[in-house]
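> Have a look at the structure that comes next, please.
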Amino acid sequence: MFSRFCLTATAFVSCIYFQACKPRERVVDAGVRDQVIHIAGGAEPQSLDPHITTGTVEFRILQNLFEGLVNIDPVTIEPVPASAERWEVSDGGRRYTFYLRDDLKWSNGDPLTSRDFLYGFQRVLSPGLGNSYIEYFF
């Protein structure tokens, strides 16, 4: 009787042990699959308007929501293509021409165009907006 109890208890404990030790899907992996952004806790964002936010909390969220024309290579710290597949700089360095990727779309499926980027730059530079980091755009 005792050995049967030990055998049953051992089998039960083994089942629990193996169930607890099996690999589980990480929250990040579920987010990638379901296209859900998971961001570590922190303060409540004050705004998600990319032209007026100044906080780290907002930056972490916006970094996942928007893509600029270029990005920064983390190793070389050089600009690399992002929404723009390439760009040209005029001889004097005063004119930049960006060539957008063909596959750019808003979250609703509408195409993203150069006019959208133009609107964004005009808005961020407008004096009435009060952008705290406006000097970075000049």
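The values are calculated or read from the model by the stated rules, or taken from the named source; none is laboratory data. Everything quoted here is computed from the prediction, not taken from an experiment. Glycine gets a Cβ as well: all are built from the backbone with ideal geometry, and neighbour counts include every protein chain shown.
> Report whether or not Leu104 is surrounded by 10 or more Cβ atoms within 10 Å (Cβ to Cβ), of a type outside the set (Gly, Ala, Ser) and over 19 Å from Phe138 (Cβ atoms).
Working: surrounded by 10 or more Cβ atoms within 10 Å (Cβ to Cβ): yes; of a type outside the set (Gly, Ala, Ser): yes; over 19 Å from Phe138 (Cβ atoms): yes.
Answer is yes for this residue.
> So Val80 clears everything in (1) free of Cβ contacts under 8 Å to residues at least 24 places away in the same chain; (2) touching a Leu at 6+ places or on another chain (Cβ under 9 Å) except one condition, right? Which one?
Failed condition: (2).
> Let me ask something additional. Look through Val80, Val70 and report the one residue that is modelled with pLDDT of 85 or more and surrounded by 13 or more Cβ atoms within 10 Å (Cβ to Cβ).
Values: Val80 fails: surrounded by 13 or more Cβ atoms within 10 Å (Cβ to Cβ).
When all the criteria are applied, what remains is Val70.
> In the list Glu58, Glu44, which residue meets the criterion of being modelled with pLDDT of 75 or more, closer than 30 Å to Gln122 by Cα and loosely packed, with under 10 Cβ neighbours inside 10 Å?
On the way: Glu58 fails: loosely packed, with under 10 Cβ neighbours inside 10 Å.
The conditions single out Glu44.
> Counting only residues that are modelled with pLDDT under 95 and under 20 Å from Gly120 (Cα atoms), which one in the stretch 83-96 is surrounded by the most Cβ atoms within 10 Å (Cβ to Cβ)?
Once the filter is applied, the top-ranked residue is Tyr96.
> Another one. Quick one: which helices (runs of 4 or more DSSP H) lie wholly within the stretch 23-138 and hold at least 2 residues that are touching a helix residue (DSSP H, G or I) at 6+ places or on another chain (Cβ under 8 Å)?
Numbers: elements: 27-34, 56-65, 114-125.
Filter on the stretch 23-138 gives 114-125.
> So which of Phe66, Phe59, Phe121 ends up being of a type in the set (A, V, I, L, M, F, W, C) and more than 18 Å from the chain's Cα centre (by Cα)? Break it down stepwise before answering.
Values: Phe66 fails: more than 18 Å from the chain's Cα centre (by Cα); Phe59 fails: more than 18 Å from the chain's Cα centre (by Cα).
The conditions single out Phe121.
> Given the conditions (1) surrounded by 12 or more Cβ atoms within 10 Å (Cβ to Cβ); (2) free of Cβ contacts under 8 Å to residues at least 24 places away in the same chain; (3) among the polar types (S, T, N, Q), which single one is not true for Asn131?
All conditions are met except number (2).
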